[in-house]
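Q: Let me begin by handing over the structure; questions about it come next.
The values are calculated or read from the model by the stated rules, or taken from the named source; none is laboratory data. Note that the structure is predicted; figures quoted are calculated from it, not measured. Virtual Cβ from ideal backbone geometry, glycine too; neighbours counted across all protein chains shown.
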Amino acid sequence: MKRNLGPEYGVEGEYFVDGDDYGINEGPGIIEHNSPPSTQPSLWCQWIPTEDRMGLEWDDGEKFYKAEEWMNYILNRILAPKGYIGNGIIEAQGEDINDRWWLVVKNNVVSNESLGAKLEAYDIFICPKDDLPLFVGRELGPLANKHLKERFSRD
């Protein structure tokens, strides 16, 4: 929600996080309970860190609106300025069983593609950009491949 806070909290309090109630009841500087900061796509983000904190995944909450926009926001407003880069593919589905697509992240560029495209889903992988070379069109770097192989070998 929009807040009037200091610059350390970003535009309209975009980086403010408060306790267990998601900050919806109380808290400093609330301007508007039902409006997100102008930099955010909506009030609710349902991308959460993976257990190993090396990726992002859906929180399994109902009706995730603006998933692509939120992924772009997290990658480019929060992680990229700190030197991180994301790559991955997630199979996404809307309310209708036939409403399905791929959410694709390549070097922090977010897009969606028809499910008819021949892709294989894996988590959005986040790592320091120094560990993953920025080559447009190149598949995941060695660190990402190693991490994904280790993750799948545990399953």
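Q: Residue by residue through segment 42-83, note down the ones that are surrounded by 15 or more Cβ atoms within 10 Å (Cβ to Cβ), among the charged types (D, E, K, R) and part of a loop (DSSP other than H, G, I, E, B).
A: Residue satisfying the conditions is Lys66 alone.
Q: I've got another one for you. Name the residue that is farthest from the chain's Cα centre (by Cα), counting only residues in segment 1-29 that are of a type in the set (A, V, I, L, M) and at pLDDT 85 or above.
A: Applying the first criterion (of a type in the set (A, V, I, L, M)) to segment 1-29 yields 1, 5, 11, 17, 24.
From the residues that got through so far, the ones that are at pLDDT 85 or above too are 5, 11.
Working: Leu5: 24, Val11: 19 Å.
The extreme case among them is Leu5.
Q: Does segment 84-92 contain at least one residue that is modelled with pLDDT of 85 or more, of a type in the set (A, V, I, L, M), closer than 23 Å to Lys2 by Cα and not in a loop (DSSP other than H, G, I, E, B)?
A: Looking for residues that are modelled with pLDDT of 85 or more, of a type in the set (A, V, I, L, M), closer than 23 Å to Lys2 by Cα and not in a loop (DSSP other than H, G, I, E, B), one finds none in segment 84-92, hence no.
Q: Also, I was wondering about something else. Where the second residue is part of a loop (DSSP other than H, G, I, E, B) and the first is among the acidic types (Asp, Glu) and lies in segment 44-58, which pairs have Cβ atoms under 7 Å and are six or more apart or on separate chains?
A: Glu57/Thr50
Q: What number of residues within segment 71-91 are in contact with a strand residue (DSSP E or B) (Cβ under 8 Å, 6 or more places away or on another chain) and closer than 18 Å to Asn107 by Cβ? Give the steps one after another, and end with the answer.
A: So in segment 71-91, the residues in contact with a strand residue (DSSP E or B) (Cβ under 8 Å, 6 or more places away or on another chain) come out as 71-72, 74-75, 79, 83-91.
Then drop every residue that is not closer than 18 Å to Asn107 by Cβ, which leaves 71-72, 74-75, 79, 83-90.
Qualifying residue count for the region: 13.
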